[in-house]
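S.K.: After the structure tokens below, expect a handful of questions from me.
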Amino acid sequence: GDSRATHAAALEYVDRHIGRLFAAASSRRRCFAIVCSDHGTAYGDDGYTGHRLGHPAVWTVPYAHFFLEPSAAPEPEAAR
């Protein structure tokens with residue numbers, strides 16, 4: 001089941017790899033990105049646990065949107 005530890009492990013995994021995803025998405029042109037979750041999870045908030053319940057911990061969904069600008073890739077050695 002889900003726990004704080006499994007969620008932390010999932011976030012660590014995403015943190016390790018999201019940079020590569022963003023770099024690939026913006027490698028050719030400016031890219032609009034949306035990062036969000038589907039729902040939150042209560043871990044003892046007001047005595048509730050889980051995500052199949054009506055509680056602000058579940059309703060509050062992380063969300064961000066932003067543009068990824070193309071990175072200026074260094075020129076290959078042969079082109080210099």
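S.K.: What single numbered condition from (1) surrounded by 10 or more Cβ atoms within 10 Å (Cβ to Cβ); (2) touching a strand residue (DSSP E or B) at 6+ places or on another chain (Cβ under 8 Å) fails to hold for Tyr63?
M.R.: It is condition (1) that Tyr63 fails.
S.K.: Considering only strands (runs of 3 or more DSSP E) fully contained in the range 1-58, which possess at least 2 residues that are touching a strand residue (DSSP E or B) at 6+ places or on another chain (Cβ under 6 Å)? First the steps, then the outcome.
M.R.: On the way: elements: 31-36, 42-45, 48-50.
Output list reads 31-36, 48-50.
Condition check ((1) closer than 26 Å to His55 by Cβ; (2) touching a residue at least 12 places away in the same chain (Cβ under 8 Å)) across all residues:
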site	(1), (2)
Arg4	yes, yes
Tyr13	no, no
Ile18	no, no
Ala23	no, yes
Arg29	no, yes
Ile34	yes, yes
Ser37	yes, yes
Gly40	yes, yes
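To keep it simple, each residue is scored yes or no on (1) at pLDDT below 90; (2) within 12 Å of the chain's Cα centre (by Cα).
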residue: Arg16; (1), (2): no, yes
residue: Arg29; (1), (2): no, no
residue: Thr41; (1), (2): yes, no
residue: Pro56; (1), (2): no, no
residue: Pro62; (1), (2): yes, yes
residue: His65; (1), (2): no, yes
residue: Arg80; (1), (2): yes, no
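The values are calculated or read from the model by the stated rules, or taken from the named source; none is laboratory data. Worth saying up front: this structure is predicted, and the values here are computed from it rather than measured. FYI the Cβ positions are ideal-geometry reconstructions off the backbone, even for glycines, and counts take in every protein chain you see.
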